[in-house]
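Following: one structure in C-alpha cells, then a few remarks.
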Amino acid sequence: MRARRLCAALAAVLALLPLGGCKLYGNSRADTQCVAAFEAGAQLRFCLREGQTLVYDRKSAALSLDEESGDFLPFAGRVVLEGNTFPRRLFWVDEEYGQLKEQLFAQTRHPEQPLIQAYALEGEAGTVYGFCNEYSSATGYFAGGGQIDADKAYAACYFTYDAASDELYVHDVVHRGCIVAFSKTHFIYYYKKAYYAQDINGGSNAVKICSDDAYDKGFTNYSYADFYFSGDYCVMKFHRGYGNYKNDYDRFILCTMDGKTLGNIKINTWQENE
C-alpha cells in the first residue's frame, strides 16, 4: 500500500512539472565535434560516431550513409578546450592554454559560477579559435541538478585567443542562440528552432540552413541532435524519436560553413540498423 502511495505521489509531482514551466529534459544542442574528413575520388567522406561514415558524391550530388566502412577518427586538429560547467559535467582546458579558461569566465555574467559550454581548436602555434555558449539557467532536476537546454541560451560568442599576449578577442555575439559548429571564417548557430550560418565578423548576413528536425516537445525527449564539422563543412544529424522504432528516423544534412546545403537524407532507424 505504501509503495503504491509513493508512486501515486511521484506521478502527481511529475504531472505538475509542465504546468509550472519546468521540464525534466531539454533540447540540448551541445553535442558537437570536429571530425576527420577526407576525399576518395569524387567522394567526400565524413567519419562520424557510432561507426557511421557520411558520403557525399560530388558528381551526382548524392548523400549516403556507409555503416560498414570502419572509418573513424575522433577529431581533426588539436582540441584545446571542450566541455561545459553544468552539474556533473567536465570542462577541460589544455594546460598550455590555461589562461583561456579565466578569460572566458570573465566574459560571462557570473564569472565565479558561469553556466557555459565551449569548444576550441588550435590554429597556428599559440593561437586558438572557437566558441563559448552561455545559458541563463539549467533545465531539469535529474543528472545532478540540471542539463543544457538550447531554449535557455543567453548568448554565444565566436572568439580567437593568443596565448603569447593572453588576449581574447570576441568577433561576434549571437543573443538567445548557441553555436554548434565553426571554422576559421564562419560559424553555425541554433536560434528559435532553426540553424543559421554567419560570417565571424558579424553583420546582417546570416543564412538560414534548416529548421530543427529533432526539436522535442515531449515529456521523454527521445529526440536529439549531433553536430560534426571539418574545415568548410558541417554535418547535422537529427534523430527523431517517438518511442516506436517503426516511426523513428535519422536525418543527415550536409552543408558548407557559409550556409549552402549540399545534401539531405532521411533514414528510418529500423532500416538503418538492418
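The values are calculated or read from the model by the stated rules, or taken from the named source; none is laboratory data. This is a predicted model, so every value here is computed, not measured. Here the Cβ is made from the backbone with ideal geometry for all residues, glycine too, and neighbour counts use every protein chain on show. The protein model used for the area step is the full one, side chains on, heavy atoms only, and it has no ligands, DNA or RNA in it. Shrake-Rupley method; radii C 1.70, N 1.55, O 1.52, S 1.80 Å.
List of remarks:
- Of the solvent-accessible surface of segment 137-216, computed with a 1.4 Å probe over protein heavy atoms with every protein chain present, carbon and sulfur atoms account for 48 percent.
- Cα centroid separation, segment 187-236 to segment 78-156: 18 Å.
- Cα-based Kirkwood hydrodynamic radius, segment 27-184, one decimal, Å: 17.1 Å
- Accessible surface area normalised per residue over segment 140-273 is 45 Å², counting heavy atoms of protein chains with a 1.4 Å rolling probe.
- Per-residue SASA remark: Asp213, around 40 Å² accessible (1.4 Å probe; ligands, DNA and RNA not included).
- Calculated P(r) tail over 17 Å for segment 144-196, as whole % of Cα pairs: 45 percent
- Cβ-based net charge around Asp166, under 13 Å, with every Lys or Arg adding one and every Asp or Glu removing one: -3
- Computed on protein heavy atoms with a 1.4 Å probe, the accessible areas place Asp57, Asp149 in the order Asp57, Asp149, largest first.
- Accessible area of Glu102 in the full protein assembly, 1.4 Å probe (Å², nearest 10): 110 Å²
- Reciprocal mean inverse distance between Cα atoms of segment 157-241 - Kirkwood radius, Å: 14.2 Å
- Cα-based reach from Lys193 at 13 Å (exclusive), listing aspartates and glutamates while leaving out same-chain residues under 8 positions away: Asp149, Asp151, Asp212, Asp213, Asp216
- Legend: residues Arg89, Arg49, sorted from most to least accessible area (1.4 Å probe; ligands, DNA and RNA excluded), read Arg89, Arg49.
- Working from Cα pairs under 8 Å separated by at least six residues, relative contact order for segment 151-213 is 24 percent.
- When the alpha carbon gyration tensor of segment 193-274 is reduced to an equivalent ellipsoid, its three semi-axes come out at 27, 15, 9 angstrom, largest first.
- Alpha-carbon Rg with Dmax, taken over segment 98-172, Å: 13.6, 42
- Dipole size of segment 222-274 about its Cα centre, with +1 on Lys/Arg Cβ and -1 on Asp/Glu Cβ: approximately 180 debye, rounded to the nearest 20.
- Of Lys184/Lys217; Lys208/Lys266; Lys208/Lys237; Lys184/Lys208; Lys192/Lys246; Lys101/Lys208, pairs whose Cα-Cα distance is over 27 Å: Lys184/Lys217; Lys192/Lys246; Lys101/Lys208
- When all protein chains stay in place and ligands, DNA and RNA are ignored, the 1.4 Å accessible-area order of Ser230, Ser64, largest first, is Ser64, Ser230.
- Using the alpha-carbon positions of segment 127-274, Rg (one decimal) and Dmax (whole number) come out as 16.7, 56 Å.
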